[in-house]
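Only the coordinates and a few stated rules stand behind these numbers; no lab work does. All values reported here derive from a predicted model rather than from experimental measurement. Note that each Cβ is placed from the backbone with ideal geometry, even for glycine, and that neighbours are counted across all protein chains shown.
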Ligand SMILES: [Zn+2]
């Protein structure tokens, strides 16, 4: 899709896929992916600029948003996030099979499992293993999970013909990692809010987050924009759910991405910030706010905090203990919301 700033008409052109001659305009995922480019390029960076441009990270994020919006908008309430979702199934059948100079000689038939990405989208790491470091050419490693035979064949074809395998910082590959991170975030919100309302809420928060992005954001900038949107929309109630989703794909509290011009030098991290590391006995309660007054040496103070139950099930707090790093909350499911003072 041509990337125009706001104020200029865009034109969406989708073509027929080489191989089985299938028209991409009949595939809803492709249309929604391309239309999402229209959304993100116009919002990111403000008016009169082409957002999500200028670097592999930013363009990769744009590709990831495209995949994620297509998946989320086409999801139905009966299909949970741990299922397997290929991106672009129908037009992928025998894709490029008819490439003749030199002959490709590969007939891709796992199109409804993998789609046309390296892996299907799923929260299940045994099927969809990518994490943040996989955007870094210096850190990418072959996972135990087999990559789509389509990409194995494409890479072999390229190498056999004097070219090189597709680089892991290719923007659609970078996009896979971002779409997957958002897929995991969505899964956490679905757990809390139910499949339909959770999906709607995630779509709203992700869309809100686009409004604060620069023209060429990094993965960390974009993660933080969604956390900020979650805090603004919910008063902090969903922030730990969002953190949990990101942390599962290596975008945890201490993760680092390089400046937007590169995807080399990533540091992935799977940890949560201190406010989200409450007891596993009570995983559904999150700390909404902690106000700690400045203390002189030897002085003590009262700390007030609020616990919000953001899941659909009622819960009751039995007790809270804390040390200098962690807070332990014990609870059982009964009453809806508790405020503690102590
Ligand atoms: Zn795209």
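When the chain is fully extended, how far beyond the present Cα-Cα distance does residue 253 get from residue 301, taking 0.36 nm per residue of separation?
14.5 nm
Taking 0.36 nm per residue of separation and subtracting the Cα-Cα distance, full extension of the segment from residue 21 to residue 125 would add 34.1 nm. Among 276, 240, the order by Cβ neighbours within 10 angstrom, fewest to most, reads 276, 240. Shown for 150, 246: other C-beta atoms within 10 Å of each C-beta, ranked fewest to most, produce the order 150, 246.
Work out the FRET efficiency for residue 211 and residue 74 from their Cβ-Cβ distance, taking R0 = 30 Å, and round it to the nearest 0.05.
E(calc), rounded to 0.05, equals 0.80.
Note: relative contact order over region 16-248, using C-alpha pairs below 8 Å and six or more positions apart, is 24 percent. The Rg/Rh ratio of region 83-130, with both radii computed over alpha carbons and Rh defined as the Kirkwood radius, is 1.09.
Give me 163, 300 ranked fewest to most by other Cβ atoms within 10 Å of their Cβ, as a rough exposure proxy.
The most exposed by this proxy come first: 300, 163.
Computed with the Debye formula from one identical point scatterer per Cα of region 16-248, without solvent, the log10 of I(q)/I(0) at q = 0.08, 0.10, 0.13 Å⁻¹ comes to -0.29, -0.46, -0.78.
With each pseudo-label sitting 7 Å past Cα toward Cβ, what's the residue 156-residue 144 distance in nm, one decimal? Each label point is offset 7 Å from its Cα along the Cβ direction, giving 2.4 nm. Extents of region 34-149, largest first, come to 46, 42, 32 Å (Cα atoms, principal axes, whole angstrom).
Mind ordering 174-180, 33-39 by average Cβ neighbours within 10 Å, highest first? Can you show the working numbers first?
Details: 174-180: 26.1, 33-39: 19.7.
Top of the packing list down: 174-180, 33-39.
Placing a pseudo-label 7 Å from each Cα along the Cα-to-Cβ vector at residue 10 and residue 195 gives an inter-label distance of 3.0 nm.
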